[in-house]
Amino acid sequence: QPLFLVDGKNKKNAIKSLPNIFQLSIDNALKEIEACMNVGVNSFILFPAVENVLKNKTATYSYSQKNFYLKAIKEFKKKFPECCLISDVAMDPYSSDGHDGFVENGKIINDKTLPILAKMSLAQAEAGIDIIGPSDMMDGRVGYIREALDIKGFTETSIMSYTVKYASAFYGPFRDALDSAPKSGDKKTYQMNPANKREALVEAELEYAEGADFLMVKPATVYLDIIHELKQNFPIPIAAYHVSGEYAMLQAAAKNGWIDYNKCLDETLLSIHRAGADVIISYGSKDYA
Ligand code: PBG
């Protein structure tokens, strides 16, 4: 179950394009985690909604000890040691450019991004995260992060990499939730071309070799063939992210009385599982459970 986190107390902010999903402050997120765990959902993927004044070119707030996201990880693990927490590693929630990588002269600079991602990952590992989730799509980040973690002794911290992440219009509601849309350009120089199937195997092979513990395909339902392909070719768990736009479509149609939300959600998640996903991330996880 994804959780959007905000700084402060007693906050539960609605997200216009994501019905029934909220930005939660730590206190309310703890209640949500408990509610999810009561129905059997015990893994959470965490995203920070950061105030604009804290964003800058190099995303320094991401690894600052003041970052409420790191405090949230500590508090969640303290209260619910048995829950599984997955982080997000990418610059966009913290970047004044709204990009996942470091921007220079209008370009994303892959290799200047890697040390920033490593600092972010280490800060999350120190806070107690179980699984690091690099969603940035820079080349070489899995190996770079793995080495940075191992050197500091975090050999037990896993990596679930967003391996095959397409440049998709289905991420729209997520960017509303975090106010993280790119300030200029798009993400097509680092996220994949939706028409390209064979590159998925290249990305997967590289990240498998670099030490990824899970390979993720994202979005899920319009890329079921890719999930199947990875499942056939790689001997580690395959994760699929049923993303914000995919969830919002179900909610919107159901709101109009055009489809039955529960039945369509059931069928949707079943198709992702049938295609080969071992792990499914969905905004509908709690509803489904
Ligand atoms: C960005 C990130 C995105 C999502 C997860 N991490 C959006 C993007 O790449 O612009 C999307 C998830 C969703 O749509 O639910 N690092």
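The values are calculated or read from the model by the stated rules, or taken from the named source; none is laboratory data. Just so it is clear, the model here is predicted, and its values are computed rather than measured. Here the Cβ is made from the backbone with ideal geometry for all residues, glycine too, and neighbour counts use every protein chain on show.
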**OP:** May I ask you to list pairs of residues, at least six apart or on different chains, whose Cβ atoms are under 9 Å apart, with the first in the range 142-160 being under 19 Å from residue 241 (Cβ atoms) and the second being of a type in the set (Lys, Arg)?
**Re:** 159/146
Subject >> Evaluation of residue 202 against (1) touching a helix residue (DSSP H, G or I) at 6+ places or on another chain (Cβ under 8 Å); (2) not acidic (Asp, Glu); (3) not in a strand (DSSP E or B) (one fails), failing number >> reply: (1)
Original post:
Do we find a residue being over 28 Å from residue 156 (Cα atoms), touching a residue at least 60 places away in the same chain (Cβ under 8 Å) and not acidic (Asp, Glu) anywhere in the range 235-245?
Top reply: yes
Subject >> Flag for residue 48 being closer than 23 Å to residue 190 by Cα, at pLDDT 95 or above and surrounded by 16 or more Cβ atoms within 10 Å (Cβ to Cβ) >> reply: yes
Subject >> Cβ pairs under 6 Å, 6+ apart, first in the range 167-188 and under 23 Å from residue 23 (Cα atoms) and of a type in the set (A, V, I, L, M, F, W, C), second outside any loop (DSSP other than H, G, I, E, B) and more than 7 Å from the ligand (Cβ to nearest atom) >> reply: 170/246; 177/4
Original post:
Which one of the conditions (1) of a type in the set (D, E, K, R); (2) surrounded by fewer than 22 Cβ atoms within 10 Å (Cβ to Cβ); (3) part of a helix (DSSP H, G or I) does residue 207 fail to meet, given that it meets all the rest?
Top reply: (2)
Subject >> Meets criteria (over 19 Å from the mean Cα position of the chain (by Cα), touching a residue at least 40 places away in the same chain (Cβ under 8 Å) and closer than 30 Å to residue 156 by Cα) for residue 232 >> reply: yes
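Yes/no matrix, rows are residues, columns are (1) among the β-branched types (Val, Ile, Thr); (2) under 24 Å from residue 83 (Cβ atoms):
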{"site": "131", "(1), (2)": "yes, yes"}
{"site": "153", "(1), (2)": "no, yes"}
{"site": "157", "(1), (2)": "yes, yes"}
{"site": "172", "(1), (2)": "no, no"}
{"site": "184", "(1), (2)": "no, no"}
{"site": "196", "(1), (2)": "no, no"}
{"site": "208", "(1), (2)": "no, no"}
Original post:
Taking the range 219-270, which residues are within 16 Å of the ligand (Cβ to nearest atom) and charged (D, E, K, R)?
Top reply: 246
